[in-house]
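Participant: Take a look at the following structure, please.
The values are calculated or read from the model by the stated rules, or taken from the named source; none is laboratory data. As the structure is a prediction and not an experimental result, all values here were calculated from the model. Here the Cβ positions follow ideal geometry from the backbone for every residue, glycine too, while neighbour counts run over all protein chains shown. To get the accessible areas, we keep the full protein, side chains included, count just its heavy atoms, and leave off ligands, DNA and RNA. Shrake-Rupley method; radii C 1.70, N 1.55, O 1.52, S 1.80 Å.
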Amino acid sequence: MAAVSTPEANDPQGTPPSPSPPAPAPPAASAPPTFRPGLEGVPATQSAVCDIEGQRGLLTYRGYPIEQLASHSSFLETAYLLIWGELPTIFQLREFEQEVQMHRRLSFRIRDMMKCFPATGHPMDALQASAASLGLFYSRRALYDPQYIVDAVVRLIAKIPTMVAAFQLIRKGQDPIQPRDDLAYSANFLYMLTEREPDPLAARIFDACLILHAEHSLNASTFSARVTASTLTDPYAVVASAVGTLAGPLHGGANEDVLDMLDQIGSIDQVEPWLERAIAQKQKIMGFGHREYRVKDPRAVILQGLAEELFQRFGHDAMYDVALKLEEVAGRRLGPKGIYPNVDFYSGLVYRKLGIPRDLFTPIFAIARTAGWLAHWKEQLGANRIYRPSQIYTGPTERGWLPLESRPVPG
């Protein structure tokens, strides 16, 4: 082993030791820490991945406005931007697309495992288990190896959609459909899901939906991903933990609830009385309000336009009229409070028109958000420190242990 150069080794005369610094003064008494439920407003990391300006309704990925990406980019190009920090050149994009295409297929062992899942199980639980199982096949945690990072990104971006589509057919008693190499990313997913090649417009709109859901700063599932990543476990465990967090009803699944709400309202003439009752009963209006935005969610604006494109091509959906009326009436009642439609308000209507089952809405969210999770995983590795927040203890003060026979019997 080579000798380590130090200042002392380079100074043959030596230098006298510096005087010891004075002892630090005892810290001044400080106010007790403030507890903020849900860590609301507490910065937990520094990130260059995504920025939100909630007062103005602006969302950017790596500095690019979401409107530009949804209009001009593809999901894989956007995923590349999020994970690697820059838009790819034409050669980088083609190589990335080809690598993803080559890794879409699942091992027969994973397919056989999925066939053992109960058909009544929720697709998010199936996805979490399947994503975690990838770690059994690629568990070499070589986080120091750039090629390992690239391979993990490609595998997860490629295989998560195949897992979602595979479980959908397996729970119907059918064998999964193999990916088609001649179809692009979103078109291939819709093909594997529906067993027919999708209309190009439907595939393009679905691809735009994936872009809109790909990233959104430090939400609950992304925070979960970063906490898991900070332990230096493998990326498959990171994504599986994020999927588990997204499965909770307070995070994913709100677009399913929006459709249930619109079903409950039933017709345009029932919107206003329904909303009045809901407000009087302090009932949550699904698809409205956001922790970040005080104006209409920019993703909701884009999704509304995508829904209208679908309706023009494939026929109108009367539920959309109910949604429009609800947005109008709620705007008068809730708008002054900064409560407007969020991304979930129109996304369910888009997926419904594409023929996607409601309980697959959140797994599709996970397909898209995998790009954001991986971007934060990679960023976390770049300046890692394991997460270890503090707490405010609220339990009893120190107590003495009592022998079993001396403990009071509950009344």
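Participant: Could you tell me which numbered condition Lys172 fails, if it satisfies all but one of (1) more than 30 Å from Pro249 (Cβ to Cβ); (2) of a type in the set (D, E, K, R); (3) open to solvent by 60 Å² or more (accessible area, probe 1.4 Å)?
Facilitator: (1)
Participant: Can you give me the ranges of the helices (runs of 4 or more DSSP H) entirely in the stretch 177-270 with at least 1 residues that are modelled with pLDDT of 95 or more, touching a helix residue (DSSP H, G or I) at 6+ places or on another chain (Cβ under 7 Å) and more than 30 Å from Gly382 (Cβ to Cβ)? Spell out the reasoning first.
Facilitator: On the way: elements: 185-194, 200-213, 220-229, 235-246, 254-265.
Here the list reads 185-194, 200-213, 254-265.
Participant: From the list Arg109, Arg105, Arg141, pick out the single residue that is surrounded by fewer than 20 Cβ atoms within 10 Å (Cβ to Cβ) and in a helix (DSSP H, G or I).
Facilitator: Details: Arg105 fails: in a helix (DSSP H, G or I); Arg141 fails: in a helix (DSSP H, G or I).
Within the list Arg109, Arg105, Arg141, the selection yields Arg109.
Residue by residue, here is whether (1) part of a helix (DSSP H, G or I); (2) more than 22 Å from Arg204 (Cβ to Cβ) holds:
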residue	(1), (2)
Gly41	no, yes
Arg56	no, yes
Leu59	no, no
Leu87	no, no
Phe91	yes, yes
Glu95	yes, yes
Met114	yes, yes
Gly121	no, yes
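Participant: Among the residues that make up the stretch 190-212, is at least one of them at positive phi, surrounded by fewer than 17 Cβ atoms within 10 Å (Cβ to Cβ) and not aliphatic (A, V, I, L, M)? Break it down into steps so the answer makes sense when it comes.
Facilitator: Applying the first criterion (at positive phi) to the stretch 190-212 yields 195.
Imposing the further condition that a residue be surrounded by fewer than 17 Cβ atoms within 10 Å (Cβ to Cβ) reduces the set to 195.
From the residues that got through so far, the ones that are not aliphatic (A, V, I, L, M) too are 195.
Looking through the stretch 190-212, at least one residue is at positive phi, surrounded by fewer than 17 Cβ atoms within 10 Å (Cβ to Cβ) and not aliphatic (A, V, I, L, M).
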